[in-house]
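Asker: Have a look at this one before I ask anything.
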Ligand SMILES: *Cc1c(COP(=O)(O)O)cnc(C)c1O
């Protein structure tokens, strides 16, 4: 099956002979499960027989969703977690268990991920270095100098939408025994499947494109065969699992994910082209525009004609109060934190996603105070353009 068919079928409708099969996987709101003999539960606890015993370990609703995401990502196995951040924490922990406690991370990485490295992992003895992941020479030099146990990057960076060469970085990681973890939240599996490009673990904020309706906070850890058991083993101990209700919502959302991503990608091209011709717009950052620095990488790694549905733009000469005015004028576009939803959303990195980065460092990263980030939704393109035009006027 291809992605469109997997999205609606995988994980659902396990037939049991002689019994009615529900067309949608039910919400198993049960903490534990029992059997008609103690021998059976003994075998389940011993992993000699597949079955459910306790929902911190495993739950049928979670299992259905995890099977679905495993298929979409081309992974060996998936763990559904309580948030994208808990997915990153468990992926990093599993990868570092038997490796040198040094993380080489992309410098343009989600703010909370930087905090996770600096405020959670560092106090336990893990060190880290930040590098420009799009500069392969710099990555090679950092690998040689630091001998990292883990390399951590995002498939599309936030908010300037840079795209690193995952396949080449995977080769470099494998040559030194490092684990490559890719946060694939921004690209999502219709555009890119990191494990097929050589990464060991792919992580998602399920909150974003996959669930897609702004009603779930969740995460996924999609691992290769070498790491999946470590991830699940850790989860059995400290339990950052997604609840069965959120698993149900997420699975319901994923059924239309391929349709949504198709429309969002198409709309994003229209929005990027329109804004790049707009007299009030100084610059548009979008991998589909001819001036994007990673256009060649995008063409190599993404399906033809797809560039993702995230873009950023600078409003010419705008200062903070002008940016606030632009946001306050938006009528349809939602000025809320998050991305990947059915509705178009706009965010001001300076006060939201990149608030904790000192202004000088933001400037060094090329994130200027007149930058606006947009997650393009599935509305009619003309309505999105009209809303931006009236807010920019
Ligand atoms: C949102 C996001 C996260 C964190 O996910 P939560 O579900 O909010 O915990 C991690 N990485 C990226 C790239 C994100 O956009």
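Asker: Would you mention how many residues in the range 34-52 are surrounded by 17 or more Cβ atoms within 10 Å (Cβ to Cβ) and touching a helix residue (DSSP H, G or I) at 6+ places or on another chain (Cβ under 9 Å)?
Answerer: Of the residues in the range 34-52, 1 are surrounded by 17 or more Cβ atoms within 10 Å (Cβ to Cβ) and touching a helix residue (DSSP H, G or I) at 6+ places or on another chain (Cβ under 9 Å).
Asker: Here is a follow-up. Here are some residues: 258, 279. Which one is modelled with pLDDT of 95 or more and in a loop (DSSP other than H, G, I, E, B)?
Answerer: The conditions single out 279.
Asker: Confirm whether residue 81 is more than 16 Å from the ligand (Cβ to nearest atom) and surrounded by 17 or more Cβ atoms within 10 Å (Cβ to Cβ).
Answerer: no
Asker: Additional query: Considering only residues of the range 2-13 that are in contact with a helix residue (DSSP H, G or I) (Cβ under 8 Å, 6 or more places away or on another chain) and more than 18 Å from residue 261 (Cα to Cα), which is surrounded by the most Cβ atoms within 10 Å (Cβ to Cβ)?
Answerer: Only one residue fits best here, namely 11.
Asker: Sticking with this one: Here are some residues: 104, 116, 88. Which one is in contact with a strand residue (DSSP E or B) (Cβ under 6 Å, 6 or more places away or on another chain) and either without any contact (Cβ under 8 Å) to a residue 12 or more places away in the chain or within 12 Å of the ligand (Cβ to nearest atom) (or both)?
Answerer: Being in contact with a strand residue (DSSP E or B) (Cβ under 6 Å, 6 or more places away or on another chain) and either without any contact (Cβ under 8 Å) to a residue 12 or more places away in the chain or within 12 Å of the ligand (Cβ to nearest atom) (or both) holds for just one of 104, 116, 88, which is 88.
Asker: Let me ask something else about it. As an exercise: evaluate residue 111 against (1) touching a strand residue (DSSP E or B) at 6+ places or on another chain (Cβ under 8 Å); (2) closer than 28 Å to residue 249 by Cβ; (3) in contact (Cβ under 8 Å) with a residue 40 or more places away in the chain; (4) surrounded by fewer than 20 Cβ atoms within 10 Å (Cβ to Cβ) and give the number of the one condition it does not meet.
Answerer: Here residue 111 meets the rest and fails (1).
Asker: Yes or no: the range 139-151 includes at least one residue that is in contact (Cβ under 8 Å) with a residue 40 or more places away in the chain, within 16 Å of the ligand (Cβ to nearest atom) and closer than 29 Å to residue 348 by Cβ.
Answerer: No, the conditions are met nowhere in the range 139-151.
Asker: Filter the range 209-234 for residues that are crowded, with 22+ Cβ neighbours inside 10 Å and within 25 Å of residue 104 (Cβ to Cβ); which is nearest to the ligand (Cβ to nearest atom)?
Answerer: Ranking the candidates gives 219 first.
Asker: Quick test of your reading of the structure: residue 71 fulfils all but one of (1) surrounded by 17 or more Cβ atoms within 10 Å (Cβ to Cβ); (2) outside any strand (DSSP E or B); (3) within 13 Å of the ligand (Cβ to nearest atom). Name the failing condition by number.
Answerer: All conditions pass for residue 71, except number (3).
The values are calculated or read from the model by the stated rules, or taken from the named source; none is laboratory data. Since this is a predicted model, take the numbers as computed values, not measurements. Cβ atoms come from the backbone with ideal geometry, glycine included; neighbour counts cover every protein chain shown.
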